[in-house]
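Structure, as structure tokens:
Each reported figure results from applying straightforward, stated rules to the coordinates on display, with no laboratory input. Fair warning: this is a prediction, and the values are worked out from it, not measured in the lab. Virtual Cβ from ideal backbone geometry, glycine too; neighbours counted across all protein chains shown.
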Amino acid sequence: MSELLQKIPRHVAIIMDGNGRWAVQRGLARHRGHREGAKSVREVVRGCRSAGVQYLTLYAFSLANWARPKTEVTALMRLLVHFARREVAELREREISVGVIGRPEDLPPVTRRALQELIEKTSSGTRMRLSLALSYGGRNDIARAAREAAEQVRRGEITPEQIDEGWIRAHLSTGDLPDPDLVIRTGGEQRFSDFLAYESVYAEFFFSDLLWPQFNETSLIEAFQWYGTRERRFGKTSAQLQAEAEPSDSR
Ligand code: FPP
């Protein structure tokens with residue numbers, strides 16, 4: 001796939017929305033939509049890996065999702081266990097390591113254990129990092145970093161002057177991931193929903209009307225093609241970027 005595309009984002013983050021609607025439209029229970037959505041997860045993981053994406057982060061369960069009906073939450077937690085057990089061999093074979101961002105400590109013990117095992121068994125993977133955002137909330141993540149800063153100041157380990165944007169960034173649960181270059185949201189909504197707000201300040205946003213279970217490798221290529229047309233200026237002007245790109249002959 002990568003030969004078709006000019007520019008591949010290093011870090012892709014996805015808000016996988018629309019599972020519930022996909023199921024309801026077909027007269028099925030909502031959890032069937034999540035199960036179908038897990039197939040799109042597999043396809044997108046493969047697609048990103050073969051395109052040369054280095055980091056893929058999936059919003060699989062938000063802090064706000066705990067308010068959903070208990071049956072749906074339970075089904076999602078079970079689905080994660082199945083995913084962890086079923087995908088481990090392929091992830092290892094493709095040299096993909098798995099990590100979790102958010103608050104994995106909130107998850108039921110059986111889900112936590114299955115994910116921990118997946119993390120350990122894939123830890124040698126160096127080709128791509130798949131991060132699952134679980135019990136994740138961007139504001140909560142920032143608040144936790146702020147609390148950590150306060151505690152380190154109280155213990156005399158750092159001074160207040162040392163707490164800057166970089167310090168906070170490094171102490172988020174995404175501390176070992178680069179900022180996302182491309183954020184994709186499916187399901188027709190155009191909002192952030194508390195996902196990677198601090199990290200996505202210069203990300204490009206691609207919105208798809210497809211429901212997540214309909215999102216496949218072709219949709220991913222479309223998103224990458226669109227990304228390839230974007231000029232990322234990081235606050236600079238277009239002229240400045242062009243000057244920087246030209247070889248310097250001023251000596
Ligand atoms: C949002 O759709 C989706 C979720 C809350 C869960 C996402 C989970 C999966 C895609 C499957 C499991 C994940 C992995 C990593 C195996 P929604 O239910 O809010 O959809 P709706 O807006 O149509 O109701």
(request) Considering every residue within the stretch 227-240, establish whether at least one is among the aliphatic types (A, V, I, L, M), more than 30 Å from Val24 (Cβ to Cβ) and exposed (fewer than 15 other Cβ atoms within 10 Å of the Cβ). (result) yes
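With the requirement that a residue be crowded, with 16+ Cβ neighbours inside 10 Å and farther than 15 Å from Ala133 by Cα, what does the stretch 10-33 give you? Spell out the reasoning first.
Going residue by residue through the stretch 10-33, those that are crowded, with 16+ Cβ neighbours inside 10 Å are 11-23, 30-33.
Answer for the stretch 10-33, where residues must be crowded, with 16+ Cβ neighbours inside 10 Å and farther than 15 Å from Ala133 by Cα: Gly18, Asn19, Gly20, Arg21, Trp22, Ala23, Arg30, His31, Arg32, Gly33.
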(request) Give Thr237, Thr159, Thr229 a once-over and let me know the one that is closer than 27 Å to Glu43 by Cβ and either touching a helix residue (DSSP H, G or I) at 6+ places or on another chain (Cβ under 7 Å) or β-branched (Val, Ile, Thr) (or both). (result) Thr229
(message) Step by step: first the residues of the stretch 45-69, then only those that are assigned to a loop (DSSP other than H, G, I, E, B) and within 15 Å of the ligand (Cβ to nearest atom), then the one that is surrounded by the fewest Cβ atoms within 10 Å (Cβ to Cβ). Which residue is that?
(response) Pro69
(request) Confirm whether Val100 is under 17 Å from His31 (Cα atoms) and either buried (at least 17 other Cβ atoms within 10 Å of the Cβ) or near the ligand (Cβ under 9 Å from one of its atoms) (or both). (result) no
(request) Report, by residue number, each residue of the stretch 17-44 that is among the β-branched types (Val, Ile, Thr) and either outside any helix (DSSP H, G or I) or near the ligand (Cβ under 8 Å from one of its atoms) (or both). (result) Val24, Val41
(message) For the stretch 78-92, which positions are more than 9 Å from the ligand (Cβ to nearest atom) and within 18 Å of the chain's Cα centre (by Cα)?
(response) Leu91
(request) Run down Leu107, Leu56 and say which single residue is among the aliphatic types (A, V, I, L, M) and within 12 Å of the chain's Cα centre (by Cα). (result) Leu56
(message) What pairs come out if I take residues in the stretch 25-36 that are of a type in the set (Asp, Glu) and pair them with residues that are within 11 Å of the ligand (Cβ to nearest atom) whose C-beta lies under 6 Å away, six or more apart or interchain?
(response) Glu36/Pro213
(request) Within the stretch 60-82, identify whether any single residue is in contact with a Leu (Cβ under 7 Å, 6 or more places away or on another chain) and among the charged types (D, E, K, R), and answer yes or no. (result) no
